[in-house]
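What follows is a short report on a single structure.
The values are calculated or read from the model by the stated rules, or taken from the named source; none is laboratory data. On a predicted model such as this, the values are computed, not experimentally measured, just so you know. Cβ placement follows ideal geometry from the backbone for every residue including glycine, while neighbour counts extend to all protein chains displayed.
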Amino acid sequence: MQQKKIPFSTYVIIGTMLFGLYFGAGNLIFPIQLGQLVGSNFWPALIGFLVTTIGLPFLGILAIGLSKSNGLLDLANRVHPAFGLVFSMAIYLTIGPFFAIPRTATVPFVVGFEPFINKAQISISLGIFSFLFFAIVFYCSLNPAKIIDYVGKYLTPAFLLFLSLLIIVTIVKPMGSFGLPVGDYSNNPFMTGFREGYNTMDAIASLAFGIVVINTIKYRGITATKMIASVTWKSGVFAMGLMTLIYGLITYMGASSVDAIGTLENGGIIFAEVAQYYFGPLGAILLAIIIVLACLKTSIGLITACSEFFHDVFPKISYKMFVFMLSFVSFIIANFGLNNIIQFAVPVLMFLYPLAIVLILLGISSILFHHKRSVYVSAMTLTLFISVIDGYNALVTTLPQVANSFFELINKYYLTYIPFFDIGLGWFFPALIGAILGFFWPIQQSNLKH
């Protein structure tokens with residue numbers, strides 16, 4: 001039955017669930033490392049980081065909720081059905097079994113357990129841990145209607161409780177003062193923080209989680225389009241406000257830690273050292289609980305979102321069968337190790353992110369250009385030319401042997417003639433020019449009916 005007035009508790013519960021879906025291990029380890037590197041350039045770097053980790057995901061949720069799309073596939077189909085299918089599958093495989101879901105098992109193992117395991121036993125220990133981890137995720141993902149209970153009511157509050165213990169003691173008893181900024185954070189802290197936010201995968205995940213949020217709202221008996229959009233927006237504000245607060249506090253934790261523990265190579269080690277600094281041996285237990293809870297809730301959300309998507313595309317295969325297949329593939333890939341997962345994820349993210357950002361912006365502003373398909377087509381096509389080279393550059397950084405003279409020539413041309421390409425925003429003007437050209441394209445039949 002349709003509710004006339006939505007109680008505030010509904011926004012809080014759905015907002016908490018949404019926060020829980022986003023806030024995985026990557027959202028812990030990247031901002032604390034950011035803090036160590038930014039030093040006295042704390043604010044511009046943090047604001048840049050928040051644009052990609054808070055601003056873009058929020059716009060992604062709105063793009064699904066306010067554009068009256070039934071999910072990422074429906075939104076991407078506005079470019080072309082073939083593009084919609086290929087792009088949507090690429091997004092779901094990236095935040096799903098190829099990269100993000102396996103990372104939810106490897107990060108807690110590497111951070112919380114590996115330091116206490118004999119090196120000769122690490123492989124078998126990872127196998128056992130990841131099997132148990134995905135067995136729990138599999139069970140909790142079988143019934144998508146209960147995701148709000150698992151994630152919103154239980155796992156997220158427990159995670160916030162344990163994390164708050166570490167955050168509060170950091171504020172009450174600071175480890176030290178901010179140091180000098182390191183590397184690119186000295187010269188261009190805002191854009192460096194902006195690009196660092198890519199690693200969380202939150203903007204592209206927002207396109208996938210949008211449908212999970214909408215379905216969760218529908219499970220609560222709210223079916224009117226305007227009501228769904230309203231609940232989505234208000235729940236999103238709550239979730240993003242909570243994330244902003246915690247990102248700021250974790251970044252502060254990293255920035256104030258250098259005097260006490262030194263500059264360390266990754267966020268997982270930094271967290272471990274901070275926990276050790278304040279709580280001694282109990283710190284390792286506290287950290288393990290925080291990381292495992294963070295990853296469990298995100299993994300359940302990702303498995304649910306991916307299974308619902310693939311079941312919609314291939315309806316002959318049941319939702320539960322997709323839950324099993326995605327859990328199994330994620331388990332296999334997790335056992336290749338965290339470093340391999342991250343190494344191959346970065347080039348894919350650098351390729352997909354510009355396309356995802358432009359699609360989000362088009363979805364939000366679609367009513368301004370009357371949903372003309374030509375605007376979507378031209379803007380996304382010109383963005384694609386940029387994102388291919390962004391992805392290539394990231395791939396060459398990790399695998400120099402794949403360097404290609406033709407792509408190198410294009411890269412030099414882009415660096416010379418395309419504004420902001422050198423700082424990772426080369427897609428902006430081509431997308432804008434494409435949208436303008438598409439808007440004035442004379443074929444009126446290109447309008448979409450929404």
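On the stretch given as the stretch 212-234, residues that are buried (at least 23 other Cβ atoms within 10 Å of the Cβ) and among the hydrophobic types (A, V, I, L, M, F, W, C) total 4.
Taking first residues from the stretch 117-133 that are under 14 Å from Phe336 (Cβ atoms) and partners that are assigned to a helix (DSSP H, G or I), the Cβ contacts under 6 Å between residues at least 6 apart in sequence or on separate chains come to Leu126/Phe109; Ser130/Ala105; Ser130/Phe331; Ser130/Ala334.
Is it the case that some residue within the stretch 31-47 is assigned to a helix (DSSP H, G or I), in contact (Cβ under 8 Å) with a residue 40 or more places away in the chain and within 15 Å of the chain's Cα centre (by Cα)? For the stretch 31-47, residues assigned to a helix (DSSP H, G or I), in contact (Cβ under 8 Å) with a residue 40 or more places away in the chain and within 15 Å of the chain's Cα centre (by Cα): present. Inside the stretch 411-443, residues that are among the charged types (D, E, K, R) and over 21 Å from Gly197 (Cα atoms) make up a count of 1. Sort out which residues of the stretch 209-229 are of a type outside the set (A, V, I, L, M, F, W, C) and over 23 Å from the mean Cα position of the chain (by Cα), and write them in order of number. Selection gives Lys218, Tyr219, Arg220, Gly221, Thr223, Thr225, Lys226.
What are the residues in the stretch 271-286 that are buried (at least 24 other Cβ atoms within 10 Å of the Cβ) and either under 30 Å from Ile211 (Cα atoms) or at pLDDT below 90 (or both), if any? Passing the criteria: only Phe271. Just one of Gly236, Gly241 is at pLDDT below 90, within 22 Å of Leu207 (Cβ to Cβ), in the same structural domain as Phe42 (by TED's automatic domain parsing) and within 17 Å of the chain's Cα centre (by Cα); which is it? Matching residue, one of Gly236, Gly241: Gly236. Total residues in the stretch 170-185 satisfying the condition of being among the β-branched types (Val, Ile, Thr) and either crowded, with 17+ Cβ neighbours inside 10 Å or touching a Leu at 6+ places or on another chain (Cβ under 6 Å) (or both): the figure is 2. Looking at Val402, Val388, just one residue is modelled with pLDDT under 95 and surrounded by fewer than 18 Cβ atoms within 10 Å (Cβ to Cβ), and that residue is Val402. The single condition among (1) aliphatic (A, V, I, L, M); (2) under 24 Å from Val348 (Cβ atoms); (3) touching a Leu at 6+ places or on another chain (Cβ under 8 Å) that Leu399 does not satisfy is (3). The stretch 265-365 holds helices (runs of 4 or more DSSP H) entirely within its bounds, and those carrying 1 or more residues that are under 30 Å from Ala379 (Cα atoms) and in contact with a Gly (Cβ under 7 Å, 6 or more places away or on another chain) map to 281-313, 338-365.
Conditions tested, residue by residue: (1) among the charged types (D, E, K, R); (2) at pLDDT 95 or above; (3) surrounded by fewer than 22 Cβ atoms within 10 Å (Cβ to Cβ); (4) not assigned by TED's automatic domain parsing to the domain that holds Glu265.
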{"site": "Leu326", "(1), (2), (3), (4)": "no, yes, no, no"}
{"site": "Ser330", "(1), (2), (3), (4)": "no, yes, no, no"}
{"site": "Tyr353", "(1), (2), (3), (4)": "no, no, no, yes"}
{"site": "Val358", "(1), (2), (3), (4)": "no, yes, no, yes"}
{"site": "Ile367", "(1), (2), (3), (4)": "no, no, yes, yes"}
{"site": "His370", "(1), (2), (3), (4)": "no, no, yes, yes"}
{"site": "Val375", "(1), (2), (3), (4)": "no, yes, no, yes"}
{"site": "Met380", "(1), (2), (3), (4)": "no, yes, no, yes"}
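Residues in the stretch 105-138 that are outside any helix (DSSP H, G or I) and either surrounded by 13 or more Cβ atoms within 10 Å (Cβ to Cβ) or not assigned by TED's automatic domain parsing to the domain that holds Ile29 (or both): Ile117 alone.
Every test in (1) surrounded by fewer than 24 Cβ atoms within 10 Å (Cβ to Cβ); (2) at pLDDT below 90; (3) over 30 Å from Tyr185 (Cα atoms) is passed by Glu265 save one, and that test is (3).
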